[in-house]
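A short worksheet on the structure shown next.
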Amino acid sequence: MDDGVSSFVQIRGSVPLFWEQPGLQVGSHHLRLHRGLEANAPAFDRHMVLLKEQYGQQVVVNLLGSRGGEEVLNRAFKKLLWASCHAGDTPMINFDFHQFAKGGKLEKLETLLRPQLKLHWEDFDVFTKGENVSPRFQKGTLRMNCLDCLDRTNTVQSFIALEVLHLQLETLGLSSKPIVDRFVESFKAMWSLNGHSLSKVFTGSRSLEGKAKVGKLKDGARSMSRTIQSNFFDGVKQEAIKLLLVGDVYGEEMADKGGMLLDSTALLVTPRILKAMTERQSEFTNFKIHSFSCHFSCRLFFALALKLLSLAYCFKDMSL
């Protein structure tokens, strides 16, 4: 069956809201939502539309917990989906991983989560193609998230992939036990390496194991390493990512204020100039607006004035 090909795509992604983890993160996760549900809705809608266009039907698998900061994010995520136009055709499966499968108890995944997921992955089917194989196509994906899309997401996606692997081998005509066992062994080794690699990229340590006493000792050391990494070394990494994706490293408050007051080209100035321009907004604006025409003319006048101020600062920098 060298000509046979089969695949099953899964998606992982952060909770699609505007949120962050400020301050020192030791023990429980401290979260802060930046915007309300109405302000989050447009970005969430674009995200879901894009997923459906690229991957077909979506099922959200939410592994967030029900304590501390995760509870806040969990409730906001549910409300956002239920209030959106995607609620009717995008089911959400909620599974508090830390409560039901703490310590890597995969039997809980088998008894509690598998029945809910199986209905969907059987409907989605798998992709299969080959000369002597009937073609099949995957019609949707499972969009999965925990908090950081690492350990919990790794475990559940590995569980699902291993279940679907048997269906893939069956569609390719490879159902004998020796062949299946070899594929399962190779898959476990490959997925473990993939999980450790993803964890090293995002946290600087290998993924957590949560098994046996030796594994728990290793997990404790890795958790300590992650705490140090996230609190003291991740700031520069986040600024680099933001610079590549957004084109600036402004703080959230400054970026929001600049976006409301200025056009997009004005945001290309340096952070020092942008800060000075937004701080002097009272010199160029009048917030006692009585009509649309007055609002438009005030905004236009303010934009022109800030343009001139921006040029003045640029010339001042050049003279220095």
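Each value in this text was obtained by applying a stated rule to the coordinates, not by laboratory testing. On a predicted model such as this, the values are computed, not experimentally measured, just so you know. A quick note on method: Cβ atoms are made from the backbone with ideal geometry, for glycine too, and the neighbour counts reach across all protein chains shown.
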Extension reserve of the Ser197-Glu185 stretch, reckoned as 0.36 nm per residue once the Cα distance is removed: 2.4 nm
Between Ala39 and Lys79, 0.36 nm times their residue separation minus their Cα-Cα distance comes to what? 13.1 nm
If we sort 108-120, 170-182 on the protection proxy, mean other Cβ atoms within 10 Å, highest first, what's the order? 108-120, 170-182
Sites Ala276 and Arg46 - FRET efficiency at Förster radius 41 Å, r taken between beta-carbons, to 0.05: 0.80
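Net charge within 15 Å of Val72 by Cβ-Cβ distance, Lys/Arg positive one each and Asp/Glu negative one each, not counting Val72 itself? Spell out each step's value before the answer.
On the way: positive: Arg32, Arg35, Arg67, Arg75, Lys78, Lys79; negative: Glu20, Glu70, Glu71, Asp96.
Every neighbour counted, the sum reads +2.
What is the extension gain from Val5 to Glu131, computed as 0.36 nm multiplied by their sequence separation minus the C-alpha to C-alpha distance, in nm to one decimal?
Working: separation 126, 0.36 × 126 = 45.36 nm, distance 0.98 nm.
That works out to 44.4 nm of additional length.
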Students often get this wrong, so check it: of Lys129/Lys200; Lys108/Lys188; Lys52/Lys105; Lys79/Lys118; Lys108/Lys139, which have C-alpha atoms separated by over 23 Å? Lys129/Lys200; Lys52/Lys105; Lys79/Lys118; Lys108/Lys139
Ser175/Phe18 FRET efficiency (R0 35 Å; Cβ-Cβ; nearest 0.05): 0.15
